[in-house]
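Read-outs throughout are calculated quantities, based only on the coordinates presented, and are distinct from any laboratory measurement. Computed from a predicted model, the values in this text were never measured in an experiment. Note that each Cβ is placed from the backbone with ideal geometry, even for glycine, and that neighbours are counted across all protein chains shown.
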Amino acid sequence: MQRYGMVIGLNPDKVEEYKRLHAAVWPDVLRMIRECNLRNYSIFLRTLDDGKPYLFSYFEYTGNDFGADMAKMAADPMTQKWWSFCMPCQAPLESRKPGEWWAAMEEVFHMD
């Protein structure tokens, strides 16, 4: 199992919409998340000192090929439709790596 933390900005005028979307995630999207070996998935919201809202996600990956599972998820039509509602709410960090939407974070501490 591998743990992942990621961060992305959230457009201030889209905070309530994003919360509403995630209060009732579509069952097919949840199924795909599970099929792609993601577990213990959470998204947290915080407005930081710069006055902007940010999302932090945490999940555990239990599969053997993260890239293949993420490609499977990205190819899923229902997930693509879900993302078409979520992505306009998000404000990716300028400092993210090429190819990233959510910026990956480095794990510096863990305790079971």
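By the Cα gyration tensor, segment 45-104 has an equivalent ellipsoid whose semi-axes, rounded to whole angstrom, run 24, 15, 11 from largest to smallest. Estimated from helices alone, the mean residue ellipticity of the chain at 222 nm is -10000 deg cm²/dmol (sum of -39500 (n - 2.57) over DSSP H runs with n ≥ 4, per residue). Here the residues Ile43, Ile33, ranked from fewest to most Cβ neighbours within 10 Å of their Cβ, fall in the order Ile43, Ile33.
Legend: translational diffusion of segment 2-104 by Stokes-Einstein, Rh = Kirkwood radius over C-alpha pairs, 4 °C, 1.567 mPa s; D = 90 µm²/s. For a modelled paramagnetic label at Ala24, 7 Å from Cα along Cα-to-Cβ, the residues of segment 79-98 in reach, with backbone nitrogen under 17 Å, are 82-83, 85-86. Near Lys52, no amide H atom lies under 5 Å from its own; only residues 5 or more places off or on other chains count, and H is placed 1.01 Å from N. Highest GNM mean-square fluctuation among Pro27, Pro98, Pro88, for the chain modelled with Cα contacts below 10 Å: Pro98. For segment 58-67, 3J(HN,Hα) computed residue by residue from phi via the Karplus equation (6.51, -1.76, 1.60; θ = phi - 60°) reads 9, 8, 10, 9, 10, x, 10, 9, 4, x Hz, glycine and proline entered as x.
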